Amino acid sequence: MASIGQPIDRVDGRLKVTGRAKYAAEFAVPGVVHAVLVQSTIGAGVIMSLDTAGAKAMPGVLAVITPENAPKLPLKGGAQMARAPLLQDMNILFNGQHIAVVVADTLERANDAASLVRVQYRHDEPITSMDAVLDQAYIPKNFRNGEHPADSMRGNPDLSFSAGAAQVDATYVTPMEHHNPMEPHATIARWDGDQLTVWTATQGISSAQATLAGQFGIDPKNVRVICPYVGGGFGCKGSTWPPATLAAMAAKIVGKPVRLVVTRAQMFTSNGYRPRTVQKLRFAADAQGHLVAMRHDGFTQMSLPALGEFAEPVGLATEMLYDCPNVAVTHRLVATNASLPTYMRAPGLASGNFALESAIDELAVALHMDPLEFRLRNYAEIDQHENKPYASKALRACYQQGAEAFGWSRRSHEPRSMHDGKYLVGWGMATSTYPTHRMPASAKVHVGANGTALIQSGTQDIGTGTYTVMSQIAADTLGMKVDRIQFELGDSNFPRAPVSGGSMTVASVGPAVLAACEAMREKLLDLALSDRRLGWQDLNRDALRLQDQTVVGPRGRVSVAELMARQGQDFIETTSSVKAGDEAKRYAMHSFGAQFVEIRVDADLGEIRVGRCVGAFDAGRVMNAKTEHSQLIGGIVFGLGMALFEETHVDGETGRIVNANVADYLLPVNADVPDVTAIVVENDERTSNPLGAKGIGELPMVGVAAAVANAVYHATGIRVRKLPIRIEDLLV
Ligand code: MOS
């Protein structure tokens with residue numbers, strides 16, 4: 001029976017829950033010593049002097065590395081080569097910037113010595129608020145890797161806005177947020193001559209290999225990156241951040257393997273964040289409820305440009321989600337004294353759709369129209385931005401099935417019209433979407449003398465189920481049970497695969513595993529056809545199949561092990577590299593969803609409690625019903641965090657993050673998470689990629705924040721246009 005689609009348990013689940021899965025910091029590398037980071041305590045300025053004598057004099061201290069004595073790195077190629085956090089100069093660009101690395105024989109001694117590093121600064125005044133310098137916004141140089149213009153326009157939205165029967169002209173704000181995966185960033189680095197090995201927590205071993213090679217000016221072949229397990233990433237492990245480089249630098253200096261684990265507090269300035277956005281929307285519709293104008297001007301918080309560039313593509317969905325002839329989208333960056341922002345689960349879409357889907361709700365209210373009906377009336381049958389048909393789009397079914405399961409038809413239109421005892425009840429909804437990405441990938445299959453298969457690909461499993469789903473793809477293609485497949489990943493010696501980001505792992509690596517296993521199947525069947533003792537020479541491959549490590553034909557069967565033994569083969573290997581065809585040129589490819597939320601508001605206290613969440617999703621073909629469900633409900637919970645809890649607070653004077661811990665940085669806990677229902681609207685199309693999976697990691701959170709905000713309006717009549725929505729927003 002085919003395993004794809006089945007709700008099978010994670011193949012690495014037992015290893016994880018029994019603590020036997022080894023994460024980066026847990027590898028027992030003999031002779032390892034410990035490095036800790038020292039970070040700046042001012043927001044802008046220059047280091048005038050560093051006193052490291054006290055730290056160096058401590059027992060067990062092996063090195064105190066500062067910008068004064070750090071080796072100059074070649075820093076060749078690529079982004080993320082910011083100099084200051086790599087101890088390459090004395091500039092302070094943000095509060096919490098790395099300014100020293102202390103290495104000692106134990107972690108305690110390294111921490112103790114680090115507390116003795118004394119720094120004299122020249123203090124400059126940091127820019128701590130993007131809102132204060134919005135007028136200095138600039139156009140991103142490298143928007144979406146330079147593949148898309150930062151601004152787009154069709155028709156004349158400004159002219160059409162003025163003519164609209166209903167108008168929304170409003171500003172929406174989303175805060176700085178941090179990923180806070182359970183596993184912190186961690187690296188063990190070891191040099192063997194000019195060969196560097198790093199065990200590091202990363203969503204991209206190949207990019208880590210390339211980045212480290214470029215930074216140290218060595219051949220990527222001399223860098224091996226190992227990362228079999230990742231304790232969550234959500235985007236903050238998608239780039240190679242300075243702590244990994246500093247661990248390798250320290251290892252070189254002390255001539256021993258070095259372990260560097262970033263503390264939870266240091267995580268807030270070491271590896272990016274979802275930047276604050278200010279989004280100005282001007283939408284209009286005609287009296288019949290058709291959108292006539294959409295303008296979405298997005299401003300995103302940035303670091304100083306010296307650290308790199310990251311722009312949230314907040315207008316991505318505005319360009320394509322609805323049928324509208326006049327649409328303008330702009331993206332601008334606002335430099336502040338903060339660390340470099342980065343991708344965070346559903347980058348662009350999560351922040352952008354809060355604004356987009358709130359404004360759509362506001363227009364529906366202005367037109368006295370049901371918000372779902374309004375969306376259906378403006379349903380886009382083609383992608384008008386790219387002027388292409390969708391490879392597939394089951395959004396209408398998502399709306400229908402989600403609404404049905406939620407009971408949307410029982411909603412009363414007016415705000416403050418639904419009650420449950422003393423609570424105001426609000427029902428809100430919003431649309432989700434996320435692009436379907438695919439990148440080149442490769443995989444190798446090895447079938448050994450016992451007929452079982454080992455498959456290797458240099459991909460990652462960031463908790464999403466890569467081990468499991470790839471094993472299923474291989475099992476079905478090779479006619480084996482999943483437990484006969486061993487799938488290995490997380491080693492840059494394996495065939496190359498892309499970063500585990502952008503919800504693209506199954507769509508990218510899956511086809512490589514499929515192709516390598518198909519090539520293996522052909523080899524095994526050919527082996528049977530050419531075996532003289534079987535006498536099957538007159539048959540062709542189609543007459544044979546693989547089942548339970550056995551070649552089965554019309555005239556009998558032979559085990560793969562026996563076949564290989566007879567032909568004197570100890571093993572057979574196949575490797576395949578695959579990439580997308582021209583489908584992205586011909587089709588717009590996206591996943592879709594519809595989110596429905598019920599909240600209760602205590603009218604006296606302003607407290608918001610989420611009652612129910614229903615999401616219905618078209619993410620293509622289901623690969624594993626269990627890991628898919630887990631991703632869907634996890635994404636909805638992530639969205640609830642965005643809606644009601646998460647916000648990084650920055651001190652306006654110093655630029656210091658004041659809630660750099662997971663007690664004060666609020667995340668949803670079990671008591672905050674209601675009844676969550678995820679409905680899969682299966683849509684098995686093979687246009688986007690040969691497996692038909694459209695990507696599911698980010699989609700389920702995209703519409704949640706707007707659905708909550710829309711429910712808050714429905715409950716209270718108060719429109720909250722900034723996240724997270726707080727009690728004080730409702731006590732007006
Ligand atoms: Mo994701 S934010 O592309 O890891």
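Can you give the Rg to Rh ratio of the range 338-476, both from alpha-carbon atoms, with Rh computed by the Kirkwood formula? Show your work: numbers first, answer last.
On the way: Rg = 22.3 Å, Rh = 19.9 Å.
Rounded to two decimals, Rg/Rh equals 1.12.
Over all distinct alpha-carbon pairs, what is the Kirkwood Rh of the range 205-263 in angstrom? It would help to have the intermediate numbers written out before the result.
Details: mean 1/r = 0.0810 Å⁻¹.
Result for the range 205-263 stands at 12.3 Å.
Show me the ranking of peptides 69-77, 631-639 by mean Cβ neighbours inside 10 Å, starting with the highest. Write out the running numbers ahead of the final one.
Values: 69-77: 13.9, 631-639: 24.3.
Ranking the peptides 69-77, 631-639 by packing returns 631-639, 69-77.
So in the chain, what percent of DSSP beta bridges are antiparallel if you round to the nearest 5?
On the way: 100 of 130 bridges.
DSSP beta bridges in the chain are roughly 75 percent antiparallel.
For a distance above 16 Å, tell me the whole-number percent of Cα pairs in the range 358-418 that qualify. Let's see the in-between values first.
Values: 1026 of 1830 pairs.
Cα-Cα pairs of the range 358-418 separated by over 16 Å account for 56 percent.
Tell me which DSSP H helices of the chain clear both cut-offs, 15 Å or more of axial length from alpha-carbon atoms and a mean Kyte-Doolittle hydropathy of at least 0.5. Walk me through the intermediate numbers first.
Details: long enough: 205-216 (16 Å, 0.57); 242-254 (18 Å, 1.20); 349-366 (24 Å, 0.88); 395-406 (16 Å, -0.18); 466-478 (18 Å, 0.52); 505-529 (35 Å, 0.98); 625-644 (28 Å, 0.78); 704-716 (18 Å, 1.13).
Helices meeting the span and hydropathy rule in the chain are 205-216, 242-254, 349-366, 466-478, 505-529, 625-644, 704-716.
Under the classification rounded if a/c is under 1.5, otherwise prolate if a/b is larger than b/c and oblate if not, where does the range 1-144 fall, given a ≥ b ≥ c as square roots of the Cα gyration tensor eigenvalues? Mind showing how you got there, number by number?
On the way: a/c = 2.51, a/b = 1.26, b/c = 2.00.
Note, shape of the range 1-144 comes out oblate.
Once the other residues with Cβ under 15 Å from the Cβ of Leu699 are scored (Lys, Arg +1; Asp, Glu -1), what is the net sum? The partial results should precede the final answer.
Values: positive: Arg345, Lys393, Arg621, Lys694; negative: Glu357, Asp618, Glu628, Glu682, Glu698.
Computed value for this residue: -1.
At 1.306 mPa s and 10 °C, plugging the Kirkwood radius over alpha-carbon pairs of the chain into Stokes-Einstein gives what diffusion coefficient in µm²/s?
Numbers: Rh = 27.2 Å.
Approximately 58 µm²/s, per Stokes-Einstein.
What are the ³J(HN,Hα) values, in whole Hz, obtained from phi via the Karplus relation 6.51 cos²θ - 1.76 cosθ + 1.60 with θ = phi - 60°, for each residue of the range 263-273 in sequence order, with x given for Gly and Pro?
Each residue of the range 263-273 in turn: 6, 4, 5, 5, 4, 6, 10, 10, 8, x, 6 Hz.
So who's got an amide H within less than 5 Å of the one on Lys722, skipping anything under 5 residues away but keeping other chains? H placed 1.01 Å off N, in plane.
HN-HN under 5 Å from Lys722: Val173.
Check the straight Cα-Cα distances from Lys141 and name the lysines below 20 Å, setting aside those fewer than 8 residues away within the same chain.
Straight-distance partners of Lys141: Lys76.
Average the reciprocal distances over every distinct pair of alpha-carbons in the range 619-732, invert the result, and give the Kirkwood radius in Å. Each step should come with its number before you reach the end.
On the way: mean 1/r = 0.0611 Å⁻¹.
Roughly 16.4 Å, rounded to one decimal.
Which lysines, on any chain, are close to Lys56 with Cα under 16 Å apart, when same-chain ones fewer than 8 places away are left out?
Candidates past the 8-residue exclusion: nothing left.
Would you mind checking which residues have amide H under 5 Å from Ser392's amide H? H placed 1.01 Å from N; only 5 or more apart, or other chain.
His590
Between beta-carbons, use under 15 Å as the cut-off and find the net charge around Asp684, counting Lys and Arg +1, Asp and Glu -1. Before the final figure, lay out the partial values.
On the way: positive: Lys393, Arg621, Arg686, Lys694; negative: Asp476, Asp618, Glu628, Glu682, Glu685.
That works out to -1.
So what's the net charge close to Arg726: Lys and Arg +1, Asp and Glu -1, counting the other residues with Cβ under 12 Å from its Cβ?
Working: positive: Lys722; negative: Glu607, Glu646, Glu647, Glu728, Asp729.
Combined, the nearby Lys, Arg, Asp and Glu give -4.
Can you list which of the trypsin sites (Lys or Arg not before Pro) found in the range 525-615 are DSSP loop residues with at most 14 other C-beta atoms within 10 Å? Mind dumping the intermediate values first?
Values: sites: Arg532, Arg533, Arg541, Arg545, Arg555, Arg557, Arg566, Lys579, Lys585, Arg586, Arg600, Arg609, Arg612; in loops: Arg532, Arg533, Arg555, Lys579.
Those satisfying the criteria are Arg532, Arg533, Arg555, Lys579.
Once you've got the Cα coordinates, tell me which of Lys237/Lys444; Lys388/Lys722; Lys481/Lys694; Lys393/Lys585 are over 28 Å apart. Mind showing how you got there, number by number?
Values: Lys237/Lys444 25 Å; Lys388/Lys722 34 Å; Lys481/Lys694 25 Å; Lys393/Lys585 17 Å.
Exceeds cut-off: Lys388/Lys722.
FYI, it's all coordinate maths here, none of it is from the lab. None of these values were measured; they are calculated from a predicted model. Positions of Cβ are backbone-derived with ideal geometry, glycine not excepted, and every protein chain shown enters the neighbour counts.
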